[in-house]
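Worksheet: one structure, shown below.
Nothing in this text is a laboratory measurement; each read-out follows from the coordinates by a stated rule. Every value quoted in this text rests on a predicted model; they were computed, and no experiment measured them. A quick note on method: Cβ atoms are made from the backbone with ideal geometry, for glycine too, and the neighbour counts reach across all protein chains shown.
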Amino acid sequence: MSATGIGAAVRRKEDFRFVTGKGQYTDDVVRPGETRAVFVRSPHAHAKIKSIDVSAAKKMPGVIDVLTGADLATDKIGNLICGWMIHSKDGTPMKMSAHPALAAGKVNCVGDAVAVVIAESIAQGKEAAEKVKVDYDVLQAVIDPAKAQAKGAPQIHADIPNNTIYQWHLGDPKATAAAFAAAKHVTKLDIVNNRLVPNAMEPRAALAEYDEGSDHLTLWSTSQNPHVARLVISAFVGITPEHKLRVIAPDVGGGFGSKIFIYPEEVVCLWASRKVKRPVKWTSDRSEAFLTDAHGRDHVTHAELALDADGKILALRAKTIANLGAYMSTFSSSVPTYLYATLLSGQYNIPSIYCEVDAVYTNTAPVDAYRGAGRPEAAFVVERLMEVTARQMAIDPADLRKRNFITAFPHQTPVIMAYDAGDFHASLKKALELADVKGFGKRKREAARHGKLRGLGYSAYIEACGIAPSQAVGSLGAGVGLWESAEVRVNPTGSVEVLTGCHAHGQGHETTFAQLVSERLGIPFDNVSIVHGDTDKVQFGMGTYGSRSGAVGMSAIVKALDKIEAKAKKVAAYVLEAAEGDIEFKDGKFTVAGTDKSAAWGDVALNAYIAHKFVGADLEPGLKETSFYDPTNFTFPAGCHICEVEVDIDTGKTDIVNWTAIDDFGTVINPMIVEGQVHGGIAQGVGQALLEGAVYSKEGQLVTGSMMDYTMPRAHDLPSFHVGLTTTKSPSNPLGIKGCGEAGAIAAPAAVINAITDAIGTEDLAMPATANAVWSALQRAKPRQVA
Amino acid sequence: MYNFTFHRPTTVRQAAGLLGRNPEAKLLAGGHSLIPVMKQRLAQPSALIDLSKVEGMVGVELKGRSVTIGAMTRHADVANSTVLKEVMPGLAMVPGSIGDPQVRNRGTIGGSIANNDPNADYPAACLGLGATIITNKRRIVADDFFTGMFSTTLEDGEIIVKISFPIAKKAAYEKFKHPASGFALVGVFASKRGSDIRVAVTGAGSNGVFRVKSFEEALKKRFSPKSLEGLSIPATGMNADIHASPEYRAHLVGVLARRAVAKAVG
Ligand SMILES: Cc1cc2nc3c(=O)[nH]c(=O)nc-3n(C[C@H](O)[C@H](O)[C@H](O)COP(=O)(O)OP(=O)(O)OC[C@H]3O[C@@H](n4cnc5c(N)ncnc54)[C@H](O)[C@@H]3O)c2cc1C
């Protein structure tokens, strides 16, 4: 392993600019003549708009224009769309409501954009926005997903009965029912997977500029996938043809999924900039972010596990209601279906599974993918069922898992996924050792002496990453392919630019991708630069989410590098006056087999461009190759996390006293970055389990609309993590990478709740397990005797 | 934020004069309660009268059997005051528990008690020690000063100049932090000064800071956590929100009172 190659803990290249304030985020981009967009948003969750009067606002100082949904309709700007088709059990397609970028006659959640003021400054825009008179006829709202389908519930979209988007299912209902009928033990659980607000550090922003001379639009945007944004905005929303729109996603300060989607604000900025013929910028403030970023999770589930007398799993079934909010966001339909139910087999041999999912509209912000997207919900169902089953059957929870682990690969689960590699016994074993589970009893007795209840919780999670084989997702309803692209440009001086269709917003691609190139071409790490996030520079690509950039994005780079090497060998053959078949390439040097003749990488690169040693008829000059890589399967990161907690009996407050994470991510490019991803993921998972929860009032006001009420995890909420790896390489991509970005967030919630419920002796505990919630659970239950 | 004019007087008299002439004006201390509501466009003062350059409003002073703290003294300076830590560390605990370093380096004691946020920490210390609030017009005892959520007996044009705390031999503060904001979900200040025993609670009551007479009575027999065992207060009148039910707040009052007394005698 070289100092900067694969497996080296290289410091992140990008951090210098980030930590010294020299990053370029969308809001940092300033264009001449720039104006500011200020949105007028609905204060009501559900209301008819009787009238909008913008006349007073238009007269306010500094106001350039005030636009409404009626103007949008006049200009024939299309709706936002959801790009993944799901069919209901009965074969009917999902019911997607219209989603105009500015409300058309009706608002469906608090924060719905009703009008936009384009002004010289934000202050002037805000003054004017207060002068826009909207006359609302307030309607009853429906907030609780479990009540959305009820008879007499308020109808959100007139053409969609019972607020039901689809009633989908997966698996074999008959076989599952038969297995349950024959079971010795059945575990039943009711689970609410709490709604989360993403809260990326950088709020969303959009800056649109119309160039009248060329009839071209440019959008700077906080996007995780600028090409997808360009495609949707041009082909579906119809702002302008694809080739007349450039989307630039510069430095982006965190996304966690929330910046995958195409939102009303960027559409409005583009449209408005063409209307006012000046650049239009919008930067969300934190309050707007709480209201309008797509939220995550929000499932209500009943789940059951059937077992035989020996604790062997026979079947699993689950019925979930998924809240998709007021409108279907870009990929919302796929999250509670193919990203969720397909993982319900967990790490276990489960002969039959049946899952039903109803997706519903409510008068709340749209819900879409958020770190883990569907997989945390699945892992929570499976790992809570396992722990509760172990307690009910009086089997050690580690032992119950061992009895049911999948040990032979490939393994076809009953829910589509075919696991191709893994070693679940290995990660559990290592976790048991590192967490000193043997010593737990002693620690628990010691804690009891200080008025503390100690508990231990496991989470043996699995996820599907490396999203995704295009043909497979196409057959499941995806509107796009999920391959990735790369172009490798070797410069005449031998330095290299890699243009990737992935997009980094915290992941460190500028470092890890350069490590791959450095290792493969034997050139210094600093001679490689990574270009991403600009549709004018980079070939079409699918962006970054679903832990795909390593497994899919880097595989595309590997394929492009293969082509580079092949071409470079041809050039080297001319330079070294040898047969192409005799050229060997190693450590940045071309040699003629069996001789001491060699040419350095830089010589060959230069010769490719000066083209003095060969004629064009034999070999094209230049050294630049492109590849589009489509994976053969998902990848399956998996592992075992063990959480140890202490609960203060008097206050119900939980302290996480120990965290062990053993993960199998396949090949690790940069262990430091991977460890950072694990830390961040666990922090978000602990946030969900202990602290976070978006709460709406019955009327649909977001009660947790600021940092004063929405509890983000802080450093002091977390212990120092003990992390480790076990490795089985993914056979589905050339590097053997599985992906690490979401694992922590997927594993953590179940580990925390399993630990607390172990400590307090009752399963009756919902997330977030605040001190009040734990104390109340203790009051409701007769706690098991403290050992 | 709406537009406003800005004044920076150098004496209390000047500040009071400006307040008198601008009925829609607001005093500006650390700005950590006022500026956020202005940014959210929920407050629209016509003018801000900045107290940061007013003479004689900063510092912690030992005066006989009391400690006087200037209204413009920052939380961090009170928390780190060597004088205070020596004569009454229990009071220094209070500003030390407020917010984060940024908040502690800007926010002031005067701003905190004038604002009387129902979850703020200082009101518990004022009531829990029987402090006297000294304004440009009069002296007000803490028991009369706090009149409910975000409300005090301060009149228009009245400026808090300093606060005088009698030194209690035994005094301590126990705070259960609101998980999101870091304010007091419940905070209890307990003190014993001769026969004057006080237990003051912030964060819990729907009417702001209050004293728990039943606990004080029990502690008169013996100032020890044991005296409070089995005692509780009813949930009626407690705040209810997504972070804590009235029952939970009432329960925490008991737990924290015992812990505060233990710390005070400890
Ligand atoms: C993130 C954050 C966390 C916080 N956490 C806590 C916490 O844990 N505990 C806690 O107790 N507080 C907390 N606070 C509040 C903080 O302590 C404030 O600083 C304090 O409440 C107000 O003091 P200030 O000096 O900032 O006053 P300002 O915001 O300047 O003023 C507040 C009000 O008091 C008036 N006022 C100010 N000075 C005087 C005076 N001398 N006479 C009369 N009226 C006056 C002003 O006109 C205004 O109406 C937090 C604040 C923030 C932003």
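So here's what we get for this one:
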| read-out | value |
| --- | --- |
| Enclosed volume per residue, in Å³, of the convex hull spanned by Cα atoms of the stretch B:1-53 | 60 |
| Residues with amide H under 5 Å from that of A:I353, placed H, sequence gap 5 or more | A:D172, A:L316 |
| Cα centroid separation - the stretch A:32-102 against the stretch A:121-153, whole Å | 12 |
| Size of charge dipole - the protein assembly as shown - debye, nearest 20, with Cβ of Lys, Arg +1 and Asp, Glu -1, no other charges | 3640 |
| For A:D308, net neighbour charge (Lys/Arg +1, Asp/Glu -1) across residues whose Cβ lies under 12 Å away | +2 |
| Candidates B:G130, B:G110, B:G230, ranked by Gaussian network fluctuation over chain B, Cα under 10 Å, top entry | B:G230 |
| Amide H contacts of A:V40 (H built 1.01 Å from N, under 5 Å, at least 5 apart or other chain) | A:V114, A:A115, A:V116, A:V117 |
| Spin-label model distance (nm) - B:F6 vs A:H185, 7 Å beyond Cα toward Cβ | 6.9 |
| FRET efficiency, 1/(1 + (r/R0)^6) with R0 22 Å, evaluated for A:T74 and A:I160 via beta carbons | 0.30 |
| Principal-axis tilt of helix B:246-265 within chain B, Cα atoms, nearest 10 degrees | 80 |
| Chain A: calculated mean residue ellipticity at 222 nm from DSSP helix runs of at least 4, using -39500 (n - 2.57) | -7500 deg cm²/dmol |
| Peptide B:241-254, shielding by other chains (average Cβ, 10 Å cutoff) | 4 |
| Net charge over other residues, Cβ less than 9 angstrom from the Cβ of A:L189 (K, R count +1; D, E count -1) | -1 |
| Nitroxide proxy distance, nm - points 7 Å out along Cα→Cβ at A:A448 and B:E217 | 3.8 |
| C-alpha long axis of helix B:12-21 to longest principal axis of chain B, angle in ° | 70 |
| Separation between Cα centres of the stretch A:203-259 and the stretch B:214-266, rounded to whole Å | 57 |
| Per-residue HN-Hα couplings for the stretch B:66-74 [Karplus 6.51, -1.76, 1.60; θ = phi - 60°; Hz; x = Gly/Pro] | 9, 10, 10, 10, x, 4, 8, 6, 6 |
| Listed peptides A:533-542, A:694-703 by packing density, highest first (mean Cβ within 10 Å) | A:533-542, A:694-703 |
| The stretch B:36-181, Rg to Rh (Cα coordinates; Rh as Kirkwood inverse mean 1/r) | 0.94 |
| Descending Cα extents along the principal axes, the stretch B:193-255, whole Å | 39, 22, 15 |
| Alpha-carbon centroid distance for the pair the stretch A:515-550 / the stretch A:608-681, whole angstrom | 13 |
| Hydrodynamic radius by Kirkwood, which averages 1/r over all alpha carbon pairs of the stretch A:153-227, in angstrom | 19.5 |
| 10 Å Cβ neighbours from other chains, averaged over peptide A:649-656 | 3 |
| Reference-scaled alpha-carbon Rg (2.2 N^0.38 Å with N residues) for the stretch A:65-145 | 1.42 |
| Per-peptide average of other Cβ atoms within 10 Å, ordering A:747-758, B:199-210, A:277-288 highest first | A:747-758, B:199-210, A:277-288 |
| ³J(HN,Hα), Karplus 6.51/-1.76/1.60, whole Hz, each residue of the stretch A:54-67, x for Gly, Pro | 9, 4, 5, 4, 5, 8, 6, x, x, 8, 9, 6, 10, 10 |
| Average other protein chain Cβ within 10 Å of Cβ, residues A:117-127 | 1 |
| Total formal charge among the other residues, if their Cβ is under 15 angstrom from that of A:K22, Lys/Arg +1 and Asp/Glu -1 | -4 |
| Relative contact order of the stretch A:483-629, defined on C-alpha pairs under 8 angstrom at six or more residues apart (%) | 33 |
| Relative contact order (percent, whole number), chain A, Cα cutoff 8 Å, 6+ residue spacing | 15 |
| Descending principal axes extents, the stretch A:631-682, alpha-carbon based, whole Å | 53, 23, 14 |
| Alpha carbon Rg of chain A, scaled by the compact-globule rule 2.2 N^0.38 Å | 0.99 |
| Extension gain (nm, one decimal) between A:F236 and A:K277, 0.36 nm per residue minus Cα-Cα | 12.5 nm |
| Ranked packing of A:475-486, A:83-94, most packed first, by mean Cβ within 10 Å | A:475-486, A:83-94 |
| In nm, spacing of pseudo-spin labels at A:Q140 and B:Q44 (7 Å Cα→C-beta vector) | 3.6 |
| Filter on A:K452/B:K177; A:K624/A:K738; B:K85/B:K162 - keep pairs with C-alpha separation over 21 Å | A:K624/A:K738 |
| Residue-averaged [θ]222 nm for chain B, counting only DSSP H segments that reach four residues, each worth -39500 (n - 2.57) | -9000 deg cm²/dmol |
| Long-range HN-HN contacts of B:F183 with modeled amide H, under 5 Å | B:H178 |
| Karplus-derived HN-Hα couplings along the stretch A:487-500 (A = 6.51, B = -1.76, C = 1.60, θ = phi - 60°), whole Hz, x at Gly and Pro | 10, 10, 10, 9, 7, x, 7, x, 6, 10, 10, 10, 9, 10 |
| Chain B - percent relative contact order, Cα under 8 Å, separation 6 or more | 15 |
| Helical segments meeting 20 Å axial Cα length and Kyte-Doolittle -1.0 threshold in chain A (DSSP H) | A:375-393, A:555-575, A:671-686, A:743-760 |
| Hydrodynamic radius by Kirkwood, which averages 1/r over all alpha carbon pairs of the stretch A:483-629, in angstrom | 15.6 |
